[in-house]
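Here the structure is laid out as structure tokens; the discussion comes afterwards.
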Amino acid sequence: MTGEGKAPVRRGAIWIVAEQAGGTLAPVSLEILGQALRMARAAGGCEVAAVLIGKDAGGLASVLAWLGADKVFLVDDPRLLPFQNDTHGAVLTRLIVREDPGVVLFGASACGEELAPTVAARLDTGLGAHCTNLDLSADGLLMMGVLGFGGRVHTEMFCPARRPQMASVKPGMFQPPPRADRKGIVVREDAAALLEGETIRLRAVKVVRKEPEGVPLEGADVVVAGGFGIGGKEPWALLDDLARELSGAVGCTRPALDEGWTSGDHAMIGTSGKTVRPKVYLGFGISGSPHHTVGIKDAGVIVSVNSDPRAPMFESSDYCVVSDFRKIVPALIREIRKVKGDSLREPSPA
Amino acid sequence: MSGFHIVVLVKPVPDPGCYDRVEIDPATGALARQGMPSVLNPSDRHALEEALSLQERHGGRVTLVSMTPESSAETLREALAMGGDEAVILSDRAFAGSDSLATSRVLAAGIAKVAPFDLVLAGNESADGGTVHVPSQVGELLGVAHLANVVRLEVDADGSVRARTRIENGYVEMEGALPMVLGVRREINTPRYTSLMGVMASQGKPIRVLGAEEIGIDGSRVGMDGSNMRPGKLSRPEYCRKGERVKGDPEEAAARIVGILRAEGVLG
């Protein structure tokens, strides 16, 4: 809440660039909105605005206003979907020049990975990449926390002299805003004017989206993950069976993905993959490089099974089982079925 | 048109296999990475492979361009053993401490020096920094179309381009025309092995070293002074947990894990 009568310190608005993806808002867009609202509150109050560039996106703009954006700049035009860095880059650059926000946040999605550096180059400003941490000081300086060297080093980055301060944010790092029936305003922009004079050099001729099979990693209560120690596609099936038994999601490390044992890179957890926060994470045959463990640091309980008692993974685990996963997983499945059988017979005490 | 001039951006990086040895010097707070060998950035090999297969199809020239200290010429030589006609190292004390935009300025100036070019290919990201900024920012600075996350590429003799880019749970087919700057992901191809012939041929390939003055770039626009981003404190993230050892045979261990699953409310 900004106090009435008392003017807040002029430190520039915080903007988030929302992404229309497959008829809805990309989850990371809500995550950066959540963090923008938290930072605005912690820094003593400032405007939080969203920019939504797309087609037939009026409904999604209202969602952003309802979720807490004070203002939503809606740029709606058939030429603006699917995403292209030249059209979106032109529109966003012009809006930023006109409105002069202090901070602009992007989701580090595939399109954010093109749009953010494009706009930063046009505006000659600083951009933090794939931030895992963000903080705004009372005088409006943005701390952008980035991980380098495979999650081994955390660096605080700043853009002290140029505005806006821009950051792309790794998906899964922040919580979306709590449900709140706030009513921001939607400002419908003149898309034709914002696109005028721009050469469109690229044409998106086809967009293919396919939801991966199985339980998605994001939001799963149980994640069953495997690493290079699994050793092949055939033993990998054990992990699929276990995940199915627990209605959980299957995740993997980069080496397991490279070996082609998993269904695809949507299953990869870590610096170049996803961040997960299940209630329970069960890891099998994972050595435990920061590359992977950075993606599970917010998991509730981490249980690791590895035949090597010195596996670094055990240092990042709550429970360590030194054993062969080929023995543990079938025993686990039997034990789980026993429990499920019991709970079918007798009503659960809860 | 008889073939294209393809520029491949390459970067020697500390060997990703050694990142578990990166430490922060407690006295200076700076990164200590002594004794880490330099290798060609892994995704750059895929950019070079793509350039070489286009060269095989259409003819033309392949030039490697790298902003790196002159001392890493050996890594460039290794890249030339895989293929390519010549390499240009952009090296100057003034470049040190460049952020991604300042780096892109140096690279764009270096590319302009070897111009005219038709296509610039780069690895999507570097293993050490991993910003994915360079393909887009070099494209912007050169004033040409650009894409990142490219996983499939077709270039016709007339310069028309069809590129598939990876998005979340899918892909987009993009069309355009050269000139273009593209960042490629490792899924795009399997880089060829370096042959003994290639190693021998690389010895005769020219490696030029150019400084700030030679590429005509203003020293105040690059390096630490020309960078908008400033690094602050470094720290080592800790992921340590209590690490309780679960004892017993597989049946007992399984029973214990099931107990944990039940206690966390995800089973039964």
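The values are calculated or read from the model by the stated rules, or taken from the named source; none is laboratory data. Bear in mind the structure is a predicted one, so any value in this text is a computation, not a measurement. All Cβ positions, even for glycine, are placed from backbone atoms using ideal geometry, and neighbour counts span all protein chains on display. Heavy atoms of the whole protein, side chains included, go into the accessibility calculation; ligands, DNA and RNA do not. Shrake-Rupley method; radii C 1.70, N 1.55, O 1.52, S 1.80 Å.
Per-structure values
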| item | result |
| --- | --- |
| At most 15 other Cβ within 10 Å, DSSP loop - trypsin sites (Lys or Arg not before Pro), the stretch A:42-139 | A:LYS55 |
| Prolate/oblate/rounded label for the stretch B:4-221 (Cα gyration tensor, a/c 1.5) | rounded |
| Positive-end extreme of charge dipole, the protein assembly as shown - chosen from B:HIS133, A:PRO164, A:PHE325 (charges on Cβ) | A:PHE325 |
| Rel. contact order, % - alpha carbon contacts under 8 angstrom, at least six apart, the stretch A:218-350 | 23 percent |
| Alpha-carbon Debye profile of chain A, log10 I(q)/I(0) at 0.10, 0.12, 0.14 Å⁻¹ | -0.69, -0.92, -1.12 |
| Hz values of 3J(HN,Hα) by residue in the stretch A:288-298 - Karplus curve (6.51, -1.76, 1.60), Gly and Pro given as x | x, 6, x, 2, 8, 5, 4, x, 10, 5, 9 |
| Percent of C-alpha pairs per 5 Å bin, the stretch B:88-140, short to long | 4, 18, 29, 28, 16, 4, 0 |
| Dipole magnitude of the stretch B:4-221 about its Cα centre (Cβ charges: Lys, Arg +1; Asp, Glu -1), debye to nearest 20 | 200 debye |
| Spatially proximal lysines relative to A:LYS71 (Cα-Cα < 22 Å; intrachain offsets below 8 disregarded) | A:LYS6, A:LYS55, A:LYS183 |
| Rg in Å to one decimal, and Dmax rounded to a whole Å, for the stretch A:14-195 via C-alpha atoms | 15.0, 46 |
| Convex hull per residue volume in Å³, alpha carbons only, for the stretch A:83-132 | 71 Å³ |
| Kirkwood hydrodynamic radius of the stretch A:46-135, Cα pairs, Å | 13.8 Å |
| Charge dipole (chain A, unit charges on Cβ, about Cα centre) - positive-most of A:ALA138, A:ILE14, A:LEU105 | A:ALA138 |
| Tilt relative to chain A, helix A:85-99 - C-alpha long axis, 0 to 90 degrees, to 10 | 50 degrees |
| Computed Rg/Rh of the stretch A:217-339, alpha carbon atoms with Kirkwood Rh | 0.92 |
| Residues whose placed amide H lies under 5 Å from that of B:VAL209, excluding near-sequence neighbours | B:ILE89 |
| Amide H partners (placed H, <5 Å) of A:GLN165, local residues excluded | A:VAL103, A:VAL104 |
| Span per principal axis, largest first, for the Cα atoms of the stretch B:103-244 (Å) | 62, 42, 38 |
| For A:TRP236, solvent-accessible area (1.4 Å; no DNA, RNA or ligand), Å² | 10 Å² |
| Chain A: relative contact order as a whole-number percent, Cα under 8 Å and 6+ apart | 14 percent |
| 0 to 90° range, to nearest 10: angle between helix A:27-42 axis and chain A longest Cα axis | 70 degrees |
| Compactness relative to 2.2 N^0.38 Å, alpha carbon Rg of the stretch A:159-208 | 1.83 |
| Whole-number percent relative contact order across the stretch B:4-221, with pairs defined as alpha carbons under 8 Å at least 6 apart | 26 percent |
| Principal-axis tilt of helix A:110-123 within chain A, Cα atoms, nearest 10 degrees | 30 degrees |
| Nearby aspartates and glutamates by direct alpha-carbon distance to A:LYS340 (threshold 14 angstrom, same-chain neighbours under 8 apart not counted) | A:GLU245 |
| Expected 222 nm ellipticity per residue - DSSP helices of 4 or more, -39500 (n - 2.57), all of chain B, to 500 | -8500 deg cm²/dmol |
| Computed over the stretch B:171-268, Kirkwood Rh from alpha-carbon pairs, angstrom | 22.7 Å |
| Overall dimensions of the stretch B:17-64 by Cα: Rg and Dmax, Å | 17.9, 55 |
| Under the span-like rule (Cα at least 18 Å along the axis, Kyte-Doolittle mean at least -1.0), DSSP H helices of chain B | B:100-114, B:250-263 |
| Non-local Lys pairs in the stretch A:217-339, i.e. 8 or more apart or on different chains, that have alpha carbons under 18 Å apart | 4 |
| Kirkwood hydrodynamic radius over Cα pairs of the protein assembly as shown, then Stokes diffusion coefficient at 10 °C and 1.306 mPa s, in µm²/s | 62 µm²/s |
| Neighbourhood charge, 15 Å Cβ-Cβ cut-off, centred on A:GLY260 and excluding it, Lys, Arg +1 and Asp, Glu -1 | -3 |
